[in-house]
1. Can you pull out every residue in the range 39-60 that is in contact (Cβ under 8 Å) with a residue 12 or more places away in the chain and open to solvent by 80 Å² or more (accessible area, probe 1.4 Å)?
2. What's the number of the only condition in (1) open to solvent by 90 Å² or more (accessible area, probe 1.4 Å); (2) of a type outside the set (D, E); (3) within 26 Å of Q100 (Cα to Cα) that L159 fails to meet?
3. Out of all the residues in the range 205-216, which are under 22 Å from G139 (Cα atoms) and crowded, with 16+ Cβ neighbours inside 10 Å?
4. May I ask you to verify whether A76 is assigned to a helix (DSSP H, G or I), at pLDDT below 70 and not polar (S, T, N, Q)?
5. Identify, please: which residue in the range 239-272 is part of a helix (DSSP H, G or I) and within 15 Å of the chain's Cα centre (by Cα) and is, among those, surrounded by the most Cβ atoms within 10 Å (Cβ to Cβ)?
6. Just give me the residues in the range 353-372 being in contact with a helix residue (DSSP H, G or I) (Cβ under 7 Å, 6 or more places away or on another chain) and not charged (D, E, K, R), in sequence order.
7. Looking at this structure, is Y293 without any contact (Cβ under 8 Å) to a residue 12 or more places away in the chain, open to solvent by 80 Å² or more (accessible area, probe 1.4 Å), hydroxyl-bearing (S, T, Y) and part of a helix (DSSP H, G or I)?
Amino acid sequence: MNRRKSNFFARVTLALALTSTLAGIASAAGSLDELLEQTRSARDHEAKLNQEREAKFVAEHDKQAAMISAARAALAEQKSRSTSLQNAFDSNEKKLAEMQTQLEARAGNLGEMFGVVRQVANDFSAVVNNSIISAQYPGRSEFVTKLAQSKNLPSMQDLERFWFELQREMTETGKVVKYKTKVISPKGVLGDATVTRVGPFSATTDGQYLNYLPSQGLLAIMARQPGSKFEVPASNVESLSKGYTEGVLDPTRGILLTIYSQRPNIIERIQRGEAVGYIIILVGTVGALLAIYQLFYLSAVRSKVKNQLKFINDPGTDNPLGRVLATFKGDKEKLEQAAEVVELRISEAVLKEVPPLERFQSFLRLCVAAGPLLGLIGTVVGMIITFQSITESGSSDPKLMASGISQAMIATVLGLSIAIPLLFMNAWLSSLSKSIVQVLDEQSAGLLAQRLESKSNA
C-alpha cells in the first residue's frame, strides 16, 4: 500500500514536470517536427530520471527494512541473554545461600571463637591505643583496632600476631629500656631523643617526663613538668646502667603525673591571692625582719649580761646590767642617799634599759592580729568573685567557682602563715627580754639590799 502511494506521487510529479517541459519546448521550437523531436527527447530524459529515482527509493526502502530486521534480531538476542543471565543469577544466589549454610555448619565453634577474639581485641585496643609501648612499636594499634572491627573470620596469621602483641605487652610491662625515637618538644618541634621507658608507666628524656599522643603515635615532652621532686628520680633512672635506684611509677599511665603537674607552685598560689595576698606578705615580711633583728640584738645583749655577771664589781657600759651597776658603783654621794631615793634611782636605771629590750614586740602583736583579719578580707573578696561568676554564668559549674574559692582560701592561708610564726617569734622575744629584765631587777635589788645593809652596819 505504501509503495502504491509512492508510485502515485511519483507519477503526479512526473506529469507536472512533463507539462512544464512541454511548455518550454513549445515556446522554443520553430516547427512541428522540431517540437515533436524535442518532446520525445524530453520524455526519454524524464523517464530516465524517474527510473533512477524509483531505483533509489527502492534501495532506501530495502536498506531500512534490513536495519529493522537487524534491530529486531539484536533485541531478541539481548532478551535471550537477559533471560540466561537472570537464570544464572538466581542459580548463583541459591548456590551462595547453600554454601553459606554449609560454611556456618562447618564453622561450628569457630564463630564463638571469632566473637571471643573480637571482644578481647576490642578490650586490648583500648590498652594499646594509650600505651607508651606503642611509641616504640608503631603499627600495632592499627592492627588491633582493625581486628576488633573486622566482620570476617581472622586468618591464622592475624591470630598469631594478635597473640604475639598480647605477649609483647605483658613482657614489655616488666622492662626498663632505652631507645632512640622521635620526640615532640613543648614548642612543637620534632627531634631525635633517647627515651627511657619504665614499663607502660612512664617515659623520660633528659629528666623530663613524656606524654604519649595516640593520634600521632609519638611521645611529647610535657609542657609543664611535675617538679624536681619527680625529675630527680627520673634523672637517676636514666643515668643508671645497672643495679637499683629510686624511681617514680604512675600506675594510671600518665594521668596522675599530668594532674600533679597542673598543681600551682608557691608563686602561682601567691599570685592567686592578688592585692590582699601581697599586703599580707608585706606585713609578714616586715614583721619577720624586725623579729630577726631583735632576736640577734637580744641574743647579743644576753651574752654580754652573762659575761657581766662574772665581773659584777667591774661594771661596763656595753650592756644594760653594767650600766645599771655603774649608776652607783664608786659614787659615795649616791650611796649615802636615803634608801627610798636609791631604790628610785635604781628603778629609773632599769626602766631606761627596758624599751630597747621590748621594742618591736607591740608591732609583732599587731601583725599577729592583723594577719588573720587581712586573710578574712581576702576570703570575703574571693567569695564575692565566686557568687559573681555564678550570677553571670547562670550555673554552678565548679570550674567557674574555682578561681574565687582559690583566692579566698589562699588569702586565709597567707594570713595564718604570717600570724602563727610571728606569734611564736614574739613569744620567744618576750621571753628573752623578760629574762634580761629579770636579771636587771635581781641585781638592782641586790645592790639596794647591799646599800641598806652597809648603812645599818654603819
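1. Residues of the range 39-60 that are in contact (Cβ under 8 Å) with a residue 12 or more places away in the chain, as a first pass: 39, 42-43, 46, 50, 53-54, 57.
Correct list: R43, R53, E54, F57.
2. (1)
3. Within the range 205-216, the first condition is being under 22 Å from G139 (Cα atoms), and the residues that meet it are 210-216.
L210, N211, Y212 - these are the residues of the range 205-216 that are under 22 Å from G139 (Cα atoms) and crowded, with 16+ Cβ neighbours inside 10 Å.
4. Working: assigned to a helix (DSSP H, G or I): yes; at pLDDT below 70: no; not polar (S, T, N, Q): yes.
Against the criterion (assigned to a helix (DSSP H, G or I), at pLDDT below 70 and not polar (S, T, N, Q)), A76 does not qualify.
5. Going residue by residue through the range 239-272, those that are part of a helix (DSSP H, G or I) are 239, 255-261, 266-272.
Add one more test, that the residue is within 15 Å of the chain's Cα centre (by Cα), and what stays is 255-261.
Working: I255: 11, L256: 14, L257: 22, T258: 15, I259: 12, Y260: 15, S261: 16.
Only one residue fits best here, namely L257.
6. Our first condition is that a residue be in contact with a helix residue (DSSP H, G or I) (Cβ under 7 Å, 6 or more places away or on another chain); within the range 353-372, this holds for 353-354, 357-361, 363-365, 367-368, 370-372.
Across the range 353-372, the qualifying residues are V354, L357, F360, Q361, F363, L364, C367, V368, A370, G371, P372.
7. Numbers: without any contact (Cβ under 8 Å) to a residue 12 or more places away in the chain: no; open to solvent by 80 Å² or more (accessible area, probe 1.4 Å): yes; hydroxyl-bearing (S, T, Y): yes; part of a helix (DSSP H, G or I): yes.
Judged against the criteria, Y293 is not a match.
Every residue, every condition in (1) in contact with a Pro (Cβ under 9 Å, 6 or more places away or on another chain); (2) under 30 Å from M425 (Cα atoms); (3) in contact (Cβ under 8 Å) with a residue 24 or more places away in the chain, yes or no:
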| residue | (1), (2), (3) |
| --- | --- |
| V189 | no, no, no |
| A203 | no, no, yes |
| D206 | no, no, yes |
| N211 | no, no, yes |
| R272 | yes, yes, yes |
| L282 | no, yes, no |
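The values are calculated or read from the model by the stated rules, or taken from the named source; none is laboratory data. None of these values were measured; they are calculated from a predicted model. Every residue, glycine among them, receives a Cβ derived from its backbone with ideal geometry; neighbour counts consider all protein chains shown. Please note that ligands, DNA and RNA were not included when accessible areas were found on the heavy atoms of the full protein model with its side chains. Shrake-Rupley method; radii C 1.70, N 1.55, O 1.52, S 1.80 Å.
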